[in-house]
């Protein structure tokens, strides 16, 4: 019997990844672009792309993502453990081998500036818990990842606003000013995230304090291709800072990189004003869609997105 081989791709082997015979049909793991399109954009590299081979057959596969030019991947975002009776074990062994090679002692990435390892992002349909096939496909991946030593962190909800369906009204309660003072921005972000319902904000605060969390937020959003020209501080008529909104772009679409209201101004619906400001900017630039996300546990933010015309398009489990 041929033993299973777990290895990365060679430089000319990207086609091997596509030989995986049983991609899920439930929508679990579905992406907005094909694997080949991600490769063409430079987001996947051979040494970050792994397969489990049983003879000549690809029985499991995994790919780590990172923008062009970075030394280490940001996340694992493509993982199929196979469909055989030993799929959980095979998938776990594949992840163990891949993580051992990728998360080296010098590992560093913008989402993980203090070392560690890439998150696993499992993309899911919005109704994955309501459909047995999708639930089974998702749990296979979650169980294999847990067996490989990863842990559940949070579930995110993906939401989308589509141009032409109507813009939320600008209330006129706030003034918005471009960000010109990075220290003022960091101070505002530190105040916002200190009491945030976002799990990642709270993890960053627990590890390094609100200033460290604020710096991580700014660095991550600044690294996105949309730049910082759209970032705005929100202020009352008397020039009290209410919060911040950071519209930008990711590789696929317009998005709000971060937004939040400082503690003393919460409970007044100002988050709707921040979202509205971003959407009006994007609409003026003829952006066709705006894709955003928030933690499933952050129900106030989900409600604000709903009020501003967003609709849920999917979910994402994050494991670390």
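The values are calculated or read from the model by the stated rules, or taken from the named source; none is laboratory data. This structure is a prediction, so every number in the text was calculated from the model and none was measured. Methodologically, a virtual Cβ is constructed for each residue, glycine included, from the backbone with ideal geometry; neighbour enumeration extends over all protein chains shown.
Here are a few things to note about the model shown:
- Matching residues, the stretch 84-116, being within 15 Å of the chain's Cα centre (by Cα) and either under 12 Å from residue 149 (Cβ atoms) or without any contact (Cβ under 8 Å) to a residue 40 or more places away in the chain (or both): 112
- Picking from residues in the stretch 11-26 that are part of a loop (DSSP other than H, G, I, E, B) and in contact with a helix residue (DSSP H, G or I) (Cβ under 6 Å, 6 or more places away or on another chain), the one that is farthest from residue 148 (Cα to Cα) is 11.
- Verdict on residue 99 being crowded, with 16+ Cβ neighbours inside 10 Å, assigned to a helix (DSSP H, G or I) and modelled with pLDDT of 95 or more: yes
- A single member of 215, 202 is within 30 Å of residue 312 (Cβ to Cβ), surrounded by 13 or more Cβ atoms within 10 Å (Cβ to Cβ) and within 21 Å of the chain's Cα centre (by Cα), and it is 202.
- A single member of 81, 67 is touching a residue at least 40 places away in the same chain (Cβ under 8 Å) and within 14 Å of the chain's Cα centre (by Cα), and it is 67.
- Check on residue 306, in contact with a strand residue (DSSP E or B) (Cβ under 9 Å, 6 or more places away or on another chain) and either over 22 Å from residue 154 (Cβ atoms) or assigned to a strand (DSSP E or B) (or both): no
- Filter pass, residue 141 being under 23 Å from residue 62 (Cα atoms), in contact (Cβ under 8 Å) with a residue 40 or more places away in the chain and assigned to a strand (DSSP E or B): no
- Positions within the stretch 227-245 being surrounded by fewer than 19 Cβ atoms within 10 Å (Cβ to Cβ) and closer than 30 Å to residue 43 by Cα, in sequence order: 227, 228, 229
To keep it simple, each residue is scored yes or no on (1) on the phi < 0 side of the Ramachandran plot; (2) modelled with pLDDT under 95; (3) in contact with a strand residue (DSSP E or B) (Cβ under 7 Å, 6 or more places away or on another chain); (4) not in a strand (DSSP E or B).
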{"site": "216", "(1), (2), (3), (4)": "yes, yes, no, yes"}
{"site": "225", "(1), (2), (3), (4)": "yes, yes, yes, yes"}
{"site": "234", "(1), (2), (3), (4)": "yes, no, yes, no"}
{"site": "244", "(1), (2), (3), (4)": "yes, no, yes, no"}
{"site": "255", "(1), (2), (3), (4)": "yes, no, yes, no"}
{"site": "274", "(1), (2), (3), (4)": "yes, no, yes, yes"}
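- Hits in the stretch 286-303 - residues which are outside any strand (DSSP E or B) and farther than 21 Å from residue 166 by Cβ: 296, 297, 298, 299, 300
- Applying the condition of being outside any strand (DSSP E or B) and touching a helix residue (DSSP H, G or I) at 6+ places or on another chain (Cβ under 7 Å) to the stretch 115-126 and asking which residue is surrounded by the most Cβ atoms within 10 Å (Cβ to Cβ) yields 118.
- Inspection of the stretch 161-183 finds a residue satisfying the criterion of being under 22 Å from the mean Cα position of the chain (by Cα) and within 22 Å of residue 293 (Cα to Cα).
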